[in-house]
1. Let me spell it out: the conditions are (1) at pLDDT 70 or above; (2) among the charged types (D, E, K, R); (3) under 23 Å from Gln41 (Cα atoms), and Glu129 meets all of them except one. Which number is the exception?
2. What number goes with the only condition from (1) at positive phi; (2) under 35 Å from the mean Cα position of the chain (by Cα); (3) not basic (Lys, Arg) that Ala583 does not pass?
3. Working only within segment 169-220, note down all residues that are part of a loop (DSSP other than H, G, I, E, B) and hydroxyl-bearing (Ser, Thr, Tyr).
4. When you scan segment 585-595, do you find a residue that is surrounded by fewer than 22 Cβ atoms within 10 Å (Cβ to Cβ) and farther than 22 Å from Ala553 by Cβ, even just one?
5. Could you identify the single residue in Ser314, Ser262 that is without any contact (Cβ under 8 Å) to a residue 40 or more places away in the chain and open to solvent by 40 Å² or more (accessible area, probe 1.4 Å)?
6. What are the pairs with Cβ atoms under 6 angstrom where one residue, in segment 596-624, is under 19 Å from Ala640 (Cβ atoms) and in a loop (DSSP other than H, G, I, E, B) and the other, located anywhere, is open to solvent by 40 Å² or more (accessible area, probe 1.4 Å) and not charged (D, E, K, R)? Sequence gap at least six, or different chains.
7. Could you say whether any residue in segment 152-169 is closer than 30 Å to Leu279 by Cβ, of a type in the set (Val, Ile, Thr), crowded, with 21+ Cβ neighbours inside 10 Å and at pLDDT 90 or above?
8. Consider segment 503-548. How many of its residues are open to solvent by less than 40 Å² (accessible area, probe 1.4 Å) and either touching a residue at least 60 places away in the same chain (Cβ under 8 Å) or part of a loop (DSSP other than H, G, I, E, B) (or both)?
Amino acid sequence: MSFATFKRRIVRAVCGGLLIVAALPAGAASTQSPVKDPLQQARSALVLLQFDKAMELLNSQVRAGHPEAQYLLALMYLNGVGTISDPARARSLLQSAAEHGQGAAAYVLAAELSRGADASPASAHSWLERSARLGYPRAVEALRSGKPPLEREPLGASEPALKTAWVMNCVEQDDVAGLHQIGAAAVSVRDEFGRGPLSYAAQGGKLAAAAALIELGADPRAADGYGVTPLMLAAGQPNAAMLELLIRGGADSRAVDAEKRSALFYAARADRPDSIKALLRAGAVLGARDERGYTALDAALTVDAAAAAAELRSQGAQQSVVSGPGSHQAGKFDAARPGDIYRGWSVLELAISRDDAASVGQLLDAGGNANLRLPSGDPLLKVAADAHAMSSLSLLLAHGADATATGRAGHSVLWLAATRNDLPVLRALLAGGIAADAHAITEQRPLLAALRASNPEVLQQLLGAGASVDASDPRGHTPLMLAAAVGQTAAVQALLEHHARIDVQDDQGRTALWYAASAGAREIVVSLLAAGASRDVVDSHGLTLLHAAAGQADAAVLEPLLKSDAVVDRRSLIGDTPLLVAAATGHAEVVQALLAHSAHLDLQNNAGDTALIAASRGGHSGICHLLLAAGANRALRNAAGVSAEDVASGRGFASIAKEIAGKS
């Protein structure tokens, strides 16, 4: 599993304490029941190093006014975990969390304010006292002992999910200082596959990070859940320096993974002759065989790794094959004379991989099992699909191959074709009689998978083959919702033409129109309204269509909604109005559109925040100016006794504070 699997994107962070729209997940929806802890999914995403998803989930909870989310997101910005380090943003989040009663946030803020050139001892002590009043034990102890707040390292490492993400992020950045800051605790973290940071350093070629981890006590012999060691991962890298480092650190060149492959196999398949030499010098066994009987030389030959094969042969390696006279027949396979076949392979498997239709048909007619599985667990149908062996694929289907059989990755061939946008395989499967909705019990329907992968051609093929337009995932998301949520206008139109139900609600009470509004997809909103979509949609958080639209930046989507007599000042369950949402998220044009429809300026949510307070918290000077010009009450205070001027001043937005005070 490489770092490419754990792609990082820097997502826009939004200030404010308001509940706002959460986009549909990009991957398959969870089949589990909703968790009680609103941050559990974000913590899980951090453990999986899915930083973009973690930040999206945390930002959603931040906009919902969740102090714990503000605190955790602040730690990410403070330590540069999964994003660029942003101390100013971190302090802003910490202050907001502290203002809403999060004691740990007040403590960390005190620590931050006590350091640096712009240190403010009085302000730091004030926040430390507030943390103690909130019952945070470290603050109580700091005041009692007179010691300053703790340094940054234990503050970040105290959150387990963040610690894992932080360590892996340091590895990816080859950040030796960061690893030493975390200390010996860095070597103990593991991802969901049991792989530690040294393995990530080995695979990513992060030599400095690997050396630091070994110095901190990382074991080069440690294996993940599949038996893969850092040495195996390093063996496939172009620079043998990592390999030498691990060998010097005590890595075992003879260790094998779950399929009995040593690091020598990894070097052979990657065509790394220098790594092969280093491993053999370290005691690797040249003639070792994996669970299928392959040697490292066999592994090199299967992928045409010529340099590795030459090196192995020069060292005395032997090819593990069964040979017979007259084995080659114009490139075809003869069931009676299979020719050169690697041990562990069947004639049928090889014939399918080469799309030798004559041999495949002969073998299946002679009683061959169309549902045979490879030692890896993949069914023959997947072998044919992966090889684009269309003739063989059709023959397998004709002989009863199970289209819902899953491979080692847990997916069936139709699902894979839908997500990969593999139209030839998809057409062949459908032409072979596979139902458009066929899927394994562990999978979503192919139509849902195609929409999540944004494959419009696949969508058309599946709809034409009779796929259900009203299928839903475990959270109740229909194809129409998925298409609307990502602004796929053509897909929405196609689904409407196939009579998709418009007003179906998901587990949060949201409809396709709600998701279109939250995506700023004006054309889709207009289409759905014209098709009769209900305008009176309120989700489980009390968020209306206007709330959803107010959370994105395109004011154009509000126009058709406002024309439909939407209630402009309707409150969510925590008291937010659409104007509050737009002000908190910094969307000036949306604020203008709502003000033009007489949105109430001074309504307060359950925390006592007004639109002006929310805008000042985010430093949105343009919106503050708009609200003040419209007559917003600058004297109102929230439940914590804080006014808009106080918030702006406390966050360093001097020009905003000055304008609110009427001094500009």
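1. Against the list (1) at pLDDT 70 or above; (2) among the charged types (D, E, K, R); (3) under 23 Å from Gln41 (Cα atoms), Glu129 comes up short only on (3).
2. (1)
3. We begin by selecting, within segment 169-220, every residue part of a loop (DSSP other than H, G, I, E, B); these are 173-175, 189-196, 205-206, 216-220.
None; the set is empty.
4. No, there is no match, as no residue in segment 585-595 is surrounded by fewer than 22 Cβ atoms within 10 Å (Cβ to Cβ) and farther than 22 Å from Ala553 by Cβ.
5. Ser314
6. Asp602/Asn633; Asn605/Ile574; Asn606/Ile574; Ala607/Ala639; Gly608/Ala639; Thr610/Gln604; Thr610/Leu636; Gly619/Phe653
7. Taking every residue of segment 152-169 in turn, none turns out to be closer than 30 Å to Leu279 by Cβ, of a type in the set (Val, Ile, Thr), crowded, with 21+ Cβ neighbours inside 10 Å and at pLDDT 90 or above.
8. Residues flagged as open to solvent by less than 40 Å² (accessible area, probe 1.4 Å) and either touching a residue at least 60 places away in the same chain (Cβ under 8 Å) or part of a loop (DSSP other than H, G, I, E, B) (or both) within segment 503-548 amount to 17.
The values are calculated or read from the model by the stated rules, or taken from the named source; none is laboratory data. Treat the numbers as computed from the prediction; the structure is a model and nothing was measured. Ideal geometry is used to build each Cβ from the backbone, glycine not excepted, and the neighbour counts take in all protein chains shown. Each accessible area value is taken on the protein alone, full model and side chains, heavy atoms only, with ligands, DNA and RNA left out. Shrake-Rupley method; radii C 1.70, N 1.55, O 1.52, S 1.80 Å.
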